[in-house]
Amino acid sequence: MEKWFNVGKIVNTHGIKGEARVISKTDFADERYKPGNKLSLFMPESNIATELTIKTHRKHKSFDLVSFIGYENINDIEKMKGGILKVAESQLGQLEEDEFYYHEIIGCTVTTVDGKEVGKVREILSPGANDVWVIKGTAGKEILIPYIEDVVKKVNVHEKMIIIEPMEGLLS
C-alpha cells in the first residue's frame, strides 16, 4: 500500500486560463511544482487519485499558482477546489545532511539543551527566510520556534527528538 504525502490544497481558481490557487504544505514548492512533474489529486470523500502533470508554476502573494496539462480553463479547475495534491512516498527524493521533510519534523518532541521539555511540533510555517516550527507547549500554549542554527541545535527524526537553545524571551 503506497503512502501519500500532502503537497498542497487547491483553494480556488485564479483567472480564467486554468490556474489553481494552492496553499502549499510542501517544503520544496519549486521542486514539486516544476513543469513536467506529476502530482496526484485527491478530492474530499474519495480515495481515487487523479494524476496531474504540472504545466506552469508561479508565486502570487502567499499562494502557489499552478496550471496542469489538459486543464486549460477556469471550469476545469473549479471542479478541483477543495482537493488535496499529494505525492507518493516513492516520489520523495534524497535530502542533503541537515535537511528534513515536514512530515519528519511534525510530531517530534522538543526539549531545551538543559533537558526541559517544551512540547511537540504541530505545524511548520514558511513565512520567509526561514521556517518557523509551531510547538504545542506542555502547558497547552503555542510556541513559535525559528528554524535557525542559533536556536535549533540537534534534530533526530528517527528518535523524534529536537534539542533547542531558546533565545531570551522565546519560551515566555
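The values are calculated or read from the model by the stated rules, or taken from the named source; none is laboratory data. Note that the structure is a prediction, hence the values are computed from the model and not measured. We place every Cβ from the backbone using ideal geometry, glycine too, and count neighbours over all the protein chains shown.
Would you pick out the residues in the range 1-21 that are part of a loop (DSSP other than H, G, I, E, B) and either on the phi < 0 side of the Ramachandran plot or surrounded by fewer than 16 Cβ atoms within 10 Å (Cβ to Cβ) (or both)? Within the range 1-21, Met1, Glu2, Lys3, Gly15, Ile16, Lys17 qualify.
Let's see how each residue does on (1) more than 22 Å from Phe5 (Cβ to Cβ); (2) of a type in the set (Asp, Glu); (3) modelled with pLDDT of 95 or more:
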| position | (1), (2), (3) |
| --- | --- |
| Asn37 | no, no, no |
| Ile54 | no, no, yes |
| Lys61 | yes, no, no |
| Asp64 | no, yes, no |
| Glu72 | yes, yes, no |
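What do you reckon, is Asp64 under 30 Å from Ile135 (Cβ atoms) and assigned to a loop (DSSP other than H, G, I, E, B)? No; evaluated as a whole, the condition is false for this residue. The residue list Gly82, Gly107, Gly36 contains one member that is on the phi > 0 side of the Ramachandran plot, in the same structural domain as Lys141 (by TED's automatic domain parsing) and assigned to a loop (DSSP other than H, G, I, E, B), which is Gly107.
Give the residue, chosen from Asp150, Asp98, that is assigned to a loop (DSSP other than H, G, I, E, B) and closer than 21 Å to Phe5 by Cβ. It would help to see each step written out before you state the result.
Values: Asp150 fails: closer than 21 Å to Phe5 by Cβ.
Criteria check complete, one pass: Asp98.
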